[in-house]
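Worksheet: one structure, shown below.
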Amino acid sequence: MSSKKAKDDAPMVTSKEGASTAPDAHHTRHNLFDVVTQQLARGAAAINLDPDINTIVSQPKNELIIHFPVRLKSGEVRMFKGYRVQHNNILGPYKGGIRYHQDVYLDECKALASWMTWKCALAGLPYGGGKGGVKFNPKDYSHDDLERITRRFTHALGTNIGPEYDIPAPDMGTNSQTMDWMMDTYVNINAAVDRQAVKRVVTGKSIACGGSQGRDGATGQGVVYCIQEWAHSKRFTLDGSTLAVQGFGNVGSHTARILSRMGVTLTAVGDHTGYYFNAEGFNPHKLAEHNKKNHSLDGYPGGRRISREEFFALEVDILVPAALELQIGLDEAKEIRAKVVVEGANGPTDLDGDRILGERGIDVIPDILANSGGVIVSYFEWLQNKRSESWDADEVQQRLERKMRRNYQSVMDKARDLKCDARTASYAIALERLSEVYRARGIWP
Ligand code: NAD
């Protein structure tokens, strides 16, 4: 609890727009929303995006900040700060995760909501982009208190979310249990509506509450399809290759477990407690069990501790940042020796990092492509709820695989056509899809 207090009280760095930057983002000199803005500029230039459309998509439509009181199990009433940013809904309802983390801040939500717009457009989903969160460390609270916080936050959001308007999902620090509570609260405060129909107000629910088979591992599975496509195009053999993963939560652990079945060895892994190396390779299944039980990798037998600097400089074939944003800056990018960086996390590479990796010829599979498996299966869940259907795991997997492989190829084709990197190509595809709708509907729908 003492560390929580120190974090909450930590001075915030102020960016040039006066928006705050997370104190944890000390590996970079960039504000997260600046990163998105610059990436957008590159994508827009690549396709000569209509300047009016550029102006519209350069800022979110809505930015909601809510302070809400929660009576904790101890009886104490504590105030929490929640966010929901709705970036764009020209393609469909806002869609995006809810994050519980002590460093959640407005510009982060703005950036993450923007990335959801590009990600959904690139994936060909009928969704726009949104993102939100609550600024607190969920590790400091009991299961009972997490339920109270989630229900009060959902209540405070009220009609700012909805099954045809804005559809949250899990993100860092939240999971299917969080979504079940959100769904249940939403259904109860909207008792007049069809209770079955509004289940799809959130995705990433447990199977019992209307979740989809395969949603839990979908983001990691999508990351793996990208890695397979990359390996195929480079004539690189995955069997016998090595992997380093930063962040061993939902995305990182599923990625490592699925890759292990293809003969890929996890030699390095890191989380909020530190970084660990094992030349023989970690067993990702046992590591995941340990992580589930202890809520961290700390204390796992086997392997030795290394520094964060050593982790990024390791000789591995594949590096998957799957923790936080802004982790690969100038210093890290200069040291990375992996052949490919696959962005499981959103925005893990800052502008300097991206430039240096490009100059050094290290391939980067960008976040809006690499980690889109999660929102794709979220869409499948939403569709199943809407149609009162329940697809089996094979059907979900096949649909996901088809979409991911096709999207990967479209990005690489576009990169070849435009002679640009994969990130710019991903933006180009997303922006072309948005432009087509703006042009057809008129710019002021
Ligand atoms: P999670 O909460 O399940 O796991 C996060 C992991 O990151 C944990 O292992 C945690 O210890 C580690 N971590 C936290 N702070 C760290 C630090 N300072 N240094 C090193 N490691 C740290 O979260 P997740 O759902 O796996 O999400 C991870 C990333 O992937 C986020 O950027 C999220 O936005 C993105 N993402 C998640 C999904 C999804 O379906 N869960 C989909 C798309 C993108």
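Structural remarks
- In the set (1) more than 16 Å from the ligand (Cβ to nearest atom); (2) in a helix (DSSP H, G or I), Glu389 fails one condition alone, (2).
- Any hit, segment 135-152, residues being within 25 Å of His295 (Cα to Cα), surrounded by 24 or more Cβ atoms within 10 Å (Cβ to Cβ) and of a type in the set (A, V, I, L, M): no
- Screening Glu335, Glu309 for residues that are surrounded by fewer than 17 Cβ atoms within 10 Å (Cβ to Cβ), over 21 Å from Ile227 (Cβ atoms) and within 14 Å of the ligand (Cβ to nearest atom) leaves exactly one candidate, Glu309.
- Candidate set from segment 358-389 (those that are farther than 19 Å from Cys420 by Cα and acidic (Asp, Glu)); member that is nearest to the chain's Cα centre (by Cα): Glu381
- Among (1) within 16 Å of the ligand (Cβ to nearest atom); (2) more than 22 Å from Pro126 (Cβ to Cβ); (3) of a type outside the set (D, E, K, R); (4) crowded, with 18+ Cβ neighbours inside 10 Å - the single one Trp181 does not satisfy: (1)
- Test: residue in segment 366-382 that is of a type outside the set (Lys, Arg), in contact (Cβ under 8 Å) with a residue 60 or more places away in the chain and over 20 Å from Asp171 (Cβ atoms): no
- Condition broken by Cys209, with the remaining ones in (1) surrounded by fewer than 24 Cβ atoms within 10 Å (Cβ to Cβ); (2) within 12 Å of the ligand (Cβ to nearest atom) satisfied: (2)
- Extreme residue, farthest from Gln221 (Cα to Cα), among residues of segment 250-274 that are hydroxyl-bearing (Ser, Thr, Tyr) and within 8 Å of the ligand (Cβ to nearest atom): Thr273
- Screening Leu287, Leu297, Leu324 for residues that are within 15 Å of the ligand (Cβ to nearest atom), under 24 Å from the mean Cα position of the chain (by Cα), buried (at least 20 other Cβ atoms within 10 Å of the Cβ) and at pLDDT below 95 leaves exactly one candidate, Leu324.
- Wholly within segment 219-316, helices (runs of 4 or more DSSP H) carrying at least 3 residues that are touching a residue at least 60 places away in the same chain (Cβ under 8 Å): 250-260
- Scanning segment 71-100 for residues that are more than 13 Å from the chain's Cα centre (by Cα) and crowded, with 22+ Cβ neighbours inside 10 Å gives Gly82, Tyr83, Arg84, Val85, Gln86, His87, Asn88, Tyr94.
- Residue check for Ser307: over 29 Å from Pro168 (Cα atoms) and polar (S, T, N, Q): yes
- Boolean, Leu49 is at pLDDT 95 or above, more than 19 Å from the chain's Cα centre (by Cα), assigned to a loop (DSSP other than H, G, I, E, B) and closer than 30 Å to Ile167 by Cβ: yes
- Across segment 431-442, not a single residue is classified as assigned to a helix (DSSP H, G or I), under 22 Å from the mean Cα position of the chain (by Cα) and of a type in the set (Gly, Ala, Ser).
- From the list Val134, Val104, the one residue that fits, being among the β-branched types (Val, Ile, Thr), within 14 Å of the ligand (Cβ to nearest atom) and touching a helix residue (DSSP H, G or I) at 6+ places or on another chain (Cβ under 6 Å), is Val134.
For (1) more than 10 Å from the ligand (Cβ to nearest atom); (2) more than 20 Å from Glu395 (Cα to Cα); (3) of a type outside the set (Phe, Trp, Tyr), each residue gets a yes or a no:
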residue	(1), (2), (3)
Ala197	yes, yes, yes
Gly214	yes, no, yes
Val223	no, no, yes
His232	yes, yes, yes
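- Residue match in segment 340-357 (condition: aliphatic (A, V, I, L, M), within 11 Å of the ligand (Cβ to nearest atom) and either under 24 Å from the mean Cα position of the chain (by Cα) or surrounded by fewer than 20 Cβ atoms within 10 Å (Cβ to Cβ) (or both)): yes
- Residue check for Thr242: β-branched (Val, Ile, Thr) and surrounded by fewer than 23 Cβ atoms within 10 Å (Cβ to Cβ): yes
- Single unsatisfied condition, Cys420 versus (1) in a helix (DSSP H, G or I); (2) modelled with pLDDT of 95 or more: (1)
- Scanning segment 209-218 for residues that are in contact with an Asp or Glu (Cβ under 8 Å, 6 or more places away or on another chain) and assigned to a helix (DSSP H, G or I) yields a total of 1.
The values are calculated or read from the model by the stated rules, or taken from the named source; none is laboratory data. None of these values were measured; they are calculated from a predicted model. All Cβ positions, glycine included, derive from the backbone under ideal geometry; neighbour counts span all protein chains shown.
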